[in-house]
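Notes for the one structure printed next.
The values are calculated or read from the model by the stated rules, or taken from the named source; none is laboratory data. This structure is a prediction, so every number in the text was calculated from the model and none was measured. Note: ideal-geometry Cβ built from the backbone for every residue, glycine included; neighbour counts use all protein chains shown. Surface accessibility is based on the protein's heavy atoms, side chains included, excluding ligands, DNA and RNA. Shrake-Rupley method; radii C 1.70, N 1.55, O 1.52, S 1.80 Å.
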Amino acid sequence: YHTCRDDRAGLMARFEVPAGWTVQAYRFALDPTPAQVRAFRSHAGGARFAHNVMLAVVKAVIDQRAAERSYGIVEAELTPLLNWSLAGLRKQWNARKDEVAPWWGDNSKEAYSSGLDALARGLDAWGKSRAGKRAGKPVSRPGSGGDRDLTRRMSVWLHHASSIRRLVSGRFGCITTV
């Protein structure tokens with residue numbers, strides 16, 4: 001069995017590799033040009049920015065609901081909760097991105113999605129930890145110092161050029177491998 005991401009549900013799904021198929025993964029050391037390095041940094045910054053913007057929105061809603069409870073407002077009349085799934089965060093990001101990040105089109109939408117995915121996973125782990133539905137040590141709320149590896153994994157579509165020494169991306173062009 002192998003695990004794959006089902007972004008529609010934000011869950012990990014298991015599947016069995018059909019007979020005759022081969023599952024293969026590669027790890028490449030890249031040798032990017034200076035322009036590609038700038039583009040990589042821009043994409044990583046975009047992921048971090050989307051993560052931080054939406055984390056601030058989530059925190060604001062949590063804090064607002066706590067304040068409303070302290071005023072005696074009944075649960076049914078509190079500020080609505082946000083959907084913390086990847087799809088829910090992406091919908092909220094898309095509604096805000098033109099205002100908070102007018103430069104968003106300079107990067108792949110997958111850069112922002114990577115940041116939102118990390119936030120969704122962190123919020124899910126934190127929520128389950130608080131509810132006692134997660135094994136292991138307690139998880140702190142995202143943004144409290146435990147999410148330093150956010151930009152370590154980013155989604156980028158690549159395909160082989162004429163040889164294994166070059167990968168091609170629509171956003172980054174041809175990237176030489178070491």
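Some values worked out for this structure:
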read-out: Cβ-Cβ under 6 Å pairs, at least 6 apart or on other chains, region 113-135 side free of Cβ contacts under 8 Å to residues at least 12 places away in the same chain, far side assigned to a loop (DSSP other than H, G, I, E, B); value: K128/R134; S129/P138; S129/V139
read-out: Residue match in region 78-98 (condition: touching a Ser or Thr at 6+ places or on another chain (Cβ under 7 Å) and open to solvent by 80 Å² or more (accessible area, probe 1.4 Å)); value: no
read-out: Candidates A47, A29, A13, A67 - the one that is at pLDDT 90 or above and farther than 21 Å from D98 by Cα; value: A67
read-out: Criterion violated by L150 - all others in (1) at pLDDT below 90; (2) within 15 Å of V53 (Cα to Cα); (3) open to solvent by 40 Å² or more (accessible area, probe 1.4 Å) satisfied; value: (3)
read-out: Boolean, G72 is more than 20 Å from the chain's Cα centre (by Cα) and surrounded by fewer than 17 Cβ atoms within 10 Å (Cβ to Cβ); value: yes
read-out: Scope region 78-96; condition assigned to a helix (DSSP H, G or I) and free of Cβ contacts under 8 Å to residues at least 40 places away in the same chain; matching residues; value: G88, L89, R90, K91, Q92, N94, A95
read-out: L167 being modelled with pLDDT of 85 or more and among the aliphatic types (A, V, I, L, M); value: no
read-out: Which listed residue is surrounded by 13 or more Cβ atoms within 10 Å (Cβ to Cβ), touching a Leu at 6+ places or on another chain (Cβ under 8 Å), modelled with pLDDT of 75 or more and not basic (K, R), from D117, D106; value: D117
read-out: Test: residue in region 120-141 that is at pLDDT below 75, in a loop (DSSP other than H, G, I, E, B) and loosely packed, with under 15 Cβ neighbours inside 10 Å; value: no
